[in-house]
1. Hey, got a sec? Which trypsin sites (Lys or Arg not before Pro) in region 51-138 land in a DSSP loop and have at most 15 other Cβ atoms within 10 Å?
2. With each label point set 7 Å from Cα along the Cα-Cβ vector, what nm distance links GLU98 and ALA29?
3. Which whole-percent values make up P(r) of region 84-173 when all C-alpha to C-alpha distances are grouped in 10 Å steps starting at zero?
4. Could you grab the relative contact order for region 71-162? Cα pairs under 8 Å, six or more apart, rounded to a whole percent.
5. Compute the FRET efficiency between LYS148 and ILE168 as 1/(1 + (r/R0)^6), taking r as their Cβ-Cβ distance and R0 = 22 Å, and round to the nearest 0.05.
6. Taking a cut-off of 19 Å between Cα atoms, list the lysines near LYS165, but don't count ones fewer than 8 places away on the same chain.
7. I want to verify the translational diffusion coefficient of the chain in µm²/s; compute it with Stokes-Einstein, Rh as the Kirkwood radius over Cα pairs, at 25 °C and 0.890 mPa s.
8. In deg cm²/dmol and to the nearest 500, what is the mean residue ellipticity at 222 nm of the chain if only DSSP H runs of at least 4 residues count, each as -39500 (n - 2.57), divided by the residue total?
Amino acid sequence: MDVTFFTAWIQEIIRVLSINRDLLTRLDAAIGDADHGTNLDRGFTSVRQALSDTPPDTPGQLLTLVGNTLIRRVGGASGPLYGSLFRQLGKSLGDAPEVSLDDLAAAFATALESVTRLGKAAEGDKTMVDALAPAARSLSSAAREGLKPGEALGRAAAAAAEGAKATIPLQARKGRASYLGPRSVGHEDPGAASAALILSALHP
């Protein structure tokens, strides 16, 4: 997996988030500020421009640029959290021109740690971690099993989608949604939903 592969991933994220902008905003309207979809769409539109202005040479450079752009351009909690995720992915992959499934799985595990540390969230708190954590575990398991990248990424995307849906019956314990207490039950977490969409773009 080289820089072309990861560029295609980011371009697919941009497309998927644009299509699902209103859905994410509706999810956020139920338990948050009603701006999640709009913020992410704007942030990744800025990512597209950044990649055009400074085309990266390696996967690590690309993902670091994505992370830095999101931190600068996306408001609320999602900017720092997604920015941290992508920046840590880039840092973990370093300057290697090509990335193996083992490399990507290890990078995702480290990036997940960065997000959980920054957001002080764990699985079950009804956050993006509920989608990212099962995806990271799935990638690690697939790497150990020696699966081909396509199958491994498909499994990770499915795990993220299942994790996002599993937030519906949960009561939020972090973020603005936690202020609602029991009223947050019955709604899919918008951060988990956007994380699942971002992982689905790895395996469209």
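The values are calculated or read from the model by the stated rules, or taken from the named source; none is laboratory data. Here the structure is a predicted model, which means the values were calculated and not measured. Note that we place each Cβ from the backbone using ideal geometry, even for glycine, and neighbour counts take in every protein chain shown. With ligands, DNA and RNA removed, areas are computed over all heavy atoms of the protein, side chains included. Shrake-Rupley method; radii C 1.70, N 1.55, O 1.52, S 1.80 Å.
1. Numbers: sites: ARG72, ARG73, ARG87, LYS91, ARG117, LYS120, LYS126, ARG137; in loops: LYS120, LYS126.
Sparse-neighbourhood loop trypsin sites (Lys or Arg not before Pro): LYS120.
2. 4.8
3. Computed distribution, short to long bins: 19, 45, 30, 6, 0.
4. Values: 95 pairs, mean separation 22.0, N = 92.
Contact order relative to length: 24 percent.
5. Details: r = 32 Å, r/R0 = 1.46.
Once the sixth-power term is evaluated, E becomes 0.10.
6. Cross-link targets: LYS126, LYS174.
7. Values: Rh = 16.6 Å.
Rounded to a whole number, D works out at 148 µm²/s.
8. The helix contribution divided over the chain gives -23000 deg cm²/dmol.
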